[in-house]
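Novice: Can you keep this structure in mind? I'll have questions shortly.
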Amino acid sequence: MKMFKLGTFAAAMITSVSAVAAPINIADTNGYDRHTVYADGPVSRVVITSEFAHNFSADIELRDGARCEYGNLYSNVDGSHIVNAAVQPDQNIVGQATIGVNNGIPEERLTDSKLLKLGCYDADNTWYHVLVNVPGAPIVNWDITVEPAGEFVNQPYSFGYHSAYRVKSTLNVDNQNRSQSYCHTVANRGVSLGLFHGKDTSNVFHADVFTQDKVYTNDTAQPVLYQIIECENAAGKTMAVKVFNLTDPNGIYTYEDQLIIK
């Protein structure tokens, strides 16, 4: 009987310790925005400060007497651990800290939406996991074709060119972010296609599909149609490059097609 009581007591102690040791989760209720505000727990606010998808950094504002000691970044796609992130207390400002990792996010995880788990303690030394939603880099799928729509102009001492061309474009963008995300045309060699509903810069948006079917005249005798667009959110930037050769009398073909996440 005594042995049974001793075993029962030990089991109760283990259960009690496990219950105390489990962290309290504080959820991010602000979606995937750059700023997250918390009503409860050791952290009052987290601001994502990184600009490039391979890196992650954020500023942490702590409540009185609180501290954060570590952070881990996970993929929301499959729940796998991506990288540990170090927390550094601000030596000059009480209640401030930073967290970050440089070049720690692998290529295959750049567009994954992510979850940061901050290990923090309040003034009473209660353990918390403060959760921060981190968007993946914008997902850009751009299908575009360019076809001759006029004459081919031969020039005796220079390249020939198509005098007009028809552009069929479907640009599907998921910025993975409720706000603070947009796209714009970075370069076009003076030929504006107005890819974003007739403009070269979009309004702030989460996800959208931009379509176009239009004929353009090559008034300046350009040898190529050159377009670079970039979409940006709180996690990084995705750049799409499309270049079409306009100097072949037999047709118009793709000269360059790149998707760059940075």
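The values are calculated or read from the model by the stated rules, or taken from the named source; none is laboratory data. Fair warning: this is a prediction, and the values are worked out from it, not measured in the lab. As a convention, Cβ positions derive from the backbone with ideal geometry for all residues, glycine included, and neighbour counts pool all protein chains shown.
Novice: Where residues in region 21-48 are hydroxyl-bearing (S, T, Y) and assigned to a loop (DSSP other than H, G, I, E, B), which of them is farthest from Y128 (Cα to Cα)?
Specialist: Y32
Novice: If you don't mind, there's one more thing I want to ask. Given (1) closer than 20 Å to Y32 by Cβ; (2) assigned to a strand (DSSP E or B); (3) not aromatic (F, W, Y), identify the lone condition not met by G104.
Specialist: Going through (1) closer than 20 Å to Y32 by Cβ; (2) assigned to a strand (DSSP E or B); (3) not aromatic (F, W, Y) one by one, G104 breaks only (2).
Novice: Further, regarding this structure: Go through region 49-64 and count every residue that is crowded, with 19+ Cβ neighbours inside 10 Å and not in a loop (DSSP other than H, G, I, E, B).
Specialist: Going through region 49-64 one residue at a time, the tally reaches 4.
Novice: Something else: State all residues of region 110-148 that are closer than 22 Å to A39 by Cα and among the hydroxyl-bearing types (S, T, Y); if no residue qualifies, say none.
Specialist: Within region 110-148, Y121, T126, Y128 meet the criteria.
Novice: Also, quick follow-up: Give me the residue from region 34-48 that is closer than 25 Å to Q176 by Cα and free of Cβ contacts under 8 Å to residues at least 40 places away in the same chain and, out of that set, surrounded by the fewest Cβ atoms within 10 Å (Cβ to Cβ).
Specialist: A39
Novice: Under 7 Å by Cβ, and 6 or more places apart or on different chains, what pairs join a residue from region 73-89 that is surrounded by 11 or more Cβ atoms within 10 Å (Cβ to Cβ) with one that is assigned to a loop (DSSP other than H, G, I, E, B)?
Specialist: Once the first residue is surrounded by 11 or more Cβ atoms within 10 Å (Cβ to Cβ) and sits in region 73-89, its partners that are assigned to a loop (DSSP other than H, G, I, E, B) give Y74/S80; S75/D112; N76/D112; N76/S113; V77/D112; I82/I105; V83/G104; V83/I105.
Novice: With region 157-217 as the region, which strands (runs of 3 or more DSSP E) entirely inside it contain at least 2 residues that are of a type in the set (G, A, S)?
Specialist: Where strands (runs of 3 or more DSSP E) fall fully within region 157-217 and carry at least 2 residues being of a type in the set (G, A, S), they are 164-174.
Novice: Tell me yes or no: at least one residue of region 125-140 is without any contact (Cβ under 8 Å) to a residue 24 or more places away in the chain and outside the structural domain of I252 (by TED's automatic domain parsing).
Specialist: Yes: region 125-140 contains one or more residues that are without any contact (Cβ under 8 Å) to a residue 24 or more places away in the chain and outside the structural domain of I252 (by TED's automatic domain parsing).
Novice: Can you tell me which residues in region 90-138 are more than 21 Å from D59 (Cβ to Cβ), aliphatic (A, V, I, L, M) and surrounded by fewer than 17 Cβ atoms within 10 Å (Cβ to Cβ)?
Specialist: Residues satisfying the conditions do not exist here.
Here's the yes/no breakdown for (1) closer than 30 Å to L110 by Cα; (2) outside the structural domain of Q227 (by TED's automatic domain parsing); (3) surrounded by 14 or more Cβ atoms within 10 Å (Cβ to Cβ); (4) among the hydroxyl-bearing types (S, T, Y):
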site: D143; (1), (2), (3), (4): yes, no, no, no
site: G150; (1), (2), (3), (4): no, no, yes, no
site: P156; (1), (2), (3), (4): no, no, no, no
site: G160; (1), (2), (3), (4): no, no, yes, no
site: R166; (1), (2), (3), (4): no, no, yes, no
site: L171; (1), (2), (3), (4): yes, no, yes, no
site: N175; (1), (2), (3), (4): yes, no, yes, no
site: S179; (1), (2), (3), (4): yes, no, yes, yes
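Novice: Within region 107-124, how many residues are more than 28 Å from K237 (Cα to Cα) and in contact (Cβ under 8 Å) with a residue 60 or more places away in the chain?
Specialist: Counting residues in region 107-124 that are more than 28 Å from K237 (Cα to Cα) and in contact (Cβ under 8 Å) with a residue 60 or more places away in the chain gives 5.
Novice: Condition test on Q176, is it at pLDDT below 95, touching a Lys or Arg at 6+ places or on another chain (Cβ under 6 Å) and under 25 Å from V241 (Cα atoms)?
Specialist: It is false that Q176 is at pLDDT below 95, touching a Lys or Arg at 6+ places or on another chain (Cβ under 6 Å) and under 25 Å from V241 (Cα atoms).
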